[in-house]
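The structure under discussion appears below in the form of structure tokens.
The values are calculated or read from the model by the stated rules, or taken from the named source; none is laboratory data. Quick caveat: nothing in here was measured; it's all calculated off a predicted structure. Positions of Cβ are backbone-derived with ideal geometry, glycine not excepted, and every protein chain shown enters the neighbour counts.
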């Protein structure tokens, strides 16, 4: 019987060019923290959460084998359906279901990739990388999260903040070249309402967004310095300037963010 062909899967940064679909499976490099992420994915399966890949084992090449989640991710150039308010609301609902499913998971026996900073370091499990290309859609609705490499103990609001930063998106309008431009605050409200973020979460969201932005920039910069190809490719002088513009925009629009949340 002929072996299934390996089809490269596009998107992602740290594992760019190293993730392949083989039939109904996905093959990805193992990492020092794979034991932790596999334990989380098995917990999600055990509690009946259908919005994440299943762990199937390790192949002869020493790669992790995960189930392939059928659907479409929002990869560049972003399709119009992936930028609608309805798609955004479905991401919020999916994220809430993930946090509820992971609530009883005990992360303490495991080593995780990157610690979430205090005061957002406890209270649950965070996916930590809800980028547009890490959410699988079917018929315009978000149905699954993929790429749990950065998952770690973290407060739910930390994940909501990262999602808002990436999907609203909370950044300078000059750096938004699609239909979301000038709609960041409206989309922020759509996200937190769809998620059902409580008043305490809304009160701490801006601080979480600022810390999340710095946290992710540090990870990418460190990876670039270490020579990780995807990170090095991304961390250009323009990317540094773009991220500084985002940080400045967040600080200058703090009152607007607070108003949008309440």
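For this structure, a couple of remarks:
- Selected residue (only one of 87, 39, 76 is part of a helix (DSSP H, G or I), in the same structural domain as residue 183 (by TED's automatic domain parsing) and within 19 Å of the chain's Cα centre (by Cα)): 87
Let's see how each residue does on (1) within 26 Å of residue 45 (Cβ to Cβ); (2) buried (at least 16 other Cβ atoms within 10 Å of the Cβ):
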site: 83; (1), (2): no, yes
site: 88; (1), (2): no, yes
site: 92; (1), (2): yes, yes
site: 108; (1), (2): yes, no
site: 115; (1), (2): yes, no
site: 118; (1), (2): no, no
site: 132; (1), (2): yes, yes
site: 138; (1), (2): yes, no
site: 154; (1), (2): yes, yes
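- Matching entry among 197, 185, 170 (being out of contact with any strand residue (DSSP E or B) (no Cβ under 6 Å at 6 or more places or on another chain), assigned to a helix (DSSP H, G or I), modelled with pLDDT of 95 or more and under 25 Å from residue 249 (Cα atoms)): 185
- Considering segment 2-26, and only residues there that are on the phi < 0 side of the Ramachandran plot, assigned to a loop (DSSP other than H, G, I, E, B) and more than 19 Å from the chain's Cα centre (by Cα), the residue that is modelled with the highest pLDDT turns out to be 24.
Rundown of residues vs (1) in the same structural domain as residue 121 (by TED's automatic domain parsing); (2) surrounded by 13 or more Cβ atoms within 10 Å (Cβ to Cβ); (3) within 18 Å of residue 191 (Cβ to Cβ), yes/no style:
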site: 221; (1), (2), (3): yes, yes, no
site: 239; (1), (2), (3): yes, yes, no
site: 246; (1), (2), (3): yes, yes, yes
site: 255; (1), (2), (3): yes, no, no
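- Residue in segment 35-43 that is in contact (Cβ under 8 Å) with a residue 12 or more places away in the chain and touching a helix residue (DSSP H, G or I) at 6+ places or on another chain (Cβ under 6 Å) present: no
- So residue 148, is it surrounded by 18 or more Cβ atoms within 10 Å (Cβ to Cβ) and in a strand (DSSP E or B): no
- Residue pairs whose Cβ atoms lie under 7 Å apart, sitting 6 or more positions apart in sequence or on different chains, and linking a residue in segment 213-233 that is closer than 20 Å to residue 249 by Cα to a partner that is outside any helix (DSSP H, G or I), are 215/117.
- All of 52, 78 fail the test of being in contact (Cβ under 8 Å) with a residue 12 or more places away in the chain and closer than 25 Å to residue 179 by Cβ, apart from 78.
- Counted residues, segment 99-119 - those being part of a helix (DSSP H, G or I) and without any contact (Cβ under 8 Å) to a residue 60 or more places away in the chain: 2
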